[in-house]
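One structure below.
Every number here is computed from the coordinates shown, using simple stated rules; none is lab data. Treat the numbers as computed from the prediction; the structure is a model and nothing was measured. Reconstructed Cβ throughout: ideal geometry from the backbone, glycine too, with neighbour counts over all protein chains shown.
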Amino acid sequence: MKGPWICYCFALFLILNCYSTTAQPPFDYPTANLSTTWVNTESLPHSVNFTDGSRVRAILLRGSFGPKFACGFYCNGTCTSYLFVVFIVQTNSASGIVQPASGFPQVVWSANRDYPVSYGAVLNLTATGEMVLQDVDGSKVWSTNTAEKSVAGLNMTDDGNLVLVDISGSVVWQSFDHPTDCLVPGQRLFQGQQLIPNKGLFAYVGSNPPQVYYTKAVSGNNTNIGRRYARFLNDSLSLFILSIEPSDPDEVITIPPASSSQYMKLMPDGHLKVFEWQSSWLEVADLLDSYLGECSYPMACGRNGVCSDNQQCSCPITSSRINYFTAVNDRQPSLGCSEITPLTCNATKDQVFITLENVTYFNIIADMERVDIETCKQVCVNNCSCKAAIFQYGSDSSSGDCYLPFELFTMMNVDPDVIHRNASAFIKVQQEAPYHYARFTPTLIFILVSFLFLLGVIGCLTYIICKRRWATHMEEESIGEVPGMPNRFSYEELKTATENFNKKLGEGGFGAVF
């Protein structure tokens, strides 16, 4: 009797196991083989909409239950365009993406953020080992450029690294080597690599040339013969510049220890923030605030803006109250100011400086040292690309440091008693060109004369037509009955009488014309 029961139980196990593997998604799906294609449609394993307007379509997902890394297509807003990204989402025990009302996807890496694709775009891991993203029209948007490099497969790691590996498991390509605007715990930022947010800010403004706003110097004996890097660890952003792990880092920026999933992101305004999952995504640290004041960020008040205490933003105002700048958005002064009349190299004679006293820049790296104000200003005058002359007085008040930015970001009001020196900003502005009669060119004069001539011709024709109509009317109509006179005058009689009347008036010094 035991034999049949064992058979029945074994058969039941096979049935249940078959149902489990066919009806339920795998606990996770973190890898992919060559010759695999994913299309940006709802047919992907997980297509989830979130209440903040974002949407993800995952192609790989590592782990289950809690904040986990995945990669796939992502959009936010109208969802007419998509990015291929690595993101963190909340999952249940079966690797389902959950909590659409609070567990919004946190993008930590993107492949094509400057070139979004449409619905129906295709991601292909080719037979030759290259990962290629094509838009719906077939155009190539992004690729790993790893064809013929012995790639064996794709892997989404536990720490959020998207990796192409060869048959031995060695890394051929990884997203960690191409950071965008985020770091995740364990990730290194090597010397020469950059964190670049939307619009381009990190420890310097992504202008030409770059403008530095934050530095952390490291001094000592250099024992590091390898690549230098900053590493996001559990409780710090650690700098390994002169030393190398496992030695202690040269410098650290402290971060609250993680109690859950964390990531670090460089914000568009230059802040470097750490976020952590605590029933929702919360900011737990702003890493540069302990070194920089509110007004010391390049985009604290946008381009051409002036930042005062408590990050109060305004546009530059002259003592004469003439406005050369206007707010980009009156309701959002932190967006900065735009020039009412843009600077142009074709009219430098109409350019002047407006002076802002007790105003300096977010960070001055002097282009000239120990020069006077007039020299500083004149160098800016002679360079069309120069937008302002920022001057900080030295101890003798007759000379100082001169900085000549080619792009003007946030300036700061300062108290001389606090910084123990005076500072002034001389901003180059374009005046409206004065009116000159000499600007009437021969072509313009010809047009004016022709117009006046045409008016004269029209006036003459109008007069002739009106005179003829009046004469015809007088010929057909009588001028009325007068006692003792004929009831009608002929046209010839009326003409003769008119000529005689005009002749008499002319003798008296007047005239009339009919």
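How do the peptides 284-297, 343-356 rank, highest first, by the average count of neighbouring beta carbon atoms within 10 Å per residue? Please report the intermediate quantities before stating the final value.
On the way: 284-297: 16.7, 343-356: 13.7.
Highest to lowest by the protection proxy: 284-297, 343-356.
Once Rg and the Kirkwood radius are both taken over the C-alpha atoms of region 182-286, their ratio Rg/Rh works out to 0.98. Computed from backbone phi with θ = phi - 60° and the Karplus coefficients 6.51, -1.76 and 1.60, the 3J(HN,Hα) list for region 246-251 is x, 5, 5, x, 6, 9 Hz; x is used for glycine and proline. Here the 3J(HN,Hα) profile of region 141-154, calculated from phi with Karplus coefficients 6.51, -1.76 and 1.60 at θ = phi - 60°, is 9, 7, 7, 7, 6, 10, 4, 6, 10, 6, 5, 10, x, 10 Hz, Gly and Pro shown as x.
Length available on full extension from Arg370 to Cys460: 0.36 nm per residue minus the Cα-Cα distance, which gives 24.9 nm. What you get for region 324-404, charging only the Cβ of Lys and Arg (+1) and of Asp and Glu (-1), is a dipole of about 260 debye around the Cα centre. Dividing the mean sequence gap of close Cα pairs (under 8 Å, 6+ apart) by how many residues region 265-361 holds gives a relative contact order of 17 percent.
Near Val328, the amide H atoms lying under 5 Å from its own belong to Gly336, Cys337, Ser338; only residues 5 or more places off or on other chains count, and H is placed 1.01 Å from N. Farthest toward the positive end of the dipole of region 31-177, out of Ser175, Ala58, Ser95, is the Cα of Ser95, where the dipole comes from beta carbon charges about the Cα centre.
Proximity of backbone amide H atoms, modeled 1.01 Å from N, is registered between Gln211 and Val205 at under 5 Å, excluding neighbours fewer than 5 places apart on the same chain. Between Asn112 and Phe84, the built amide H atoms are under 5 Å apart, and every one of these is 5 or more places off in sequence or on another chain.
Using a Förster distance of 60 angstrom, determine the FRET efficiency expected from the C-beta separation of Ala152 and Ile445, and round it to 0.05. The partial results should precede the final answer.
Working: r = 79 Å, r/R0 = 1.32.
For Ala152 and Ile445, the calculated efficiency is 0.15.
Scoring 97-106, 144-153 by mean Cβ neighbours within 10 Å over their residues and listing the highest first yields 97-106, 144-153. For region 293-355, the equivalent ellipsoid derived from the Cα gyration tensor has semi-axes of 23, 12, 11 Å, listed largest first.
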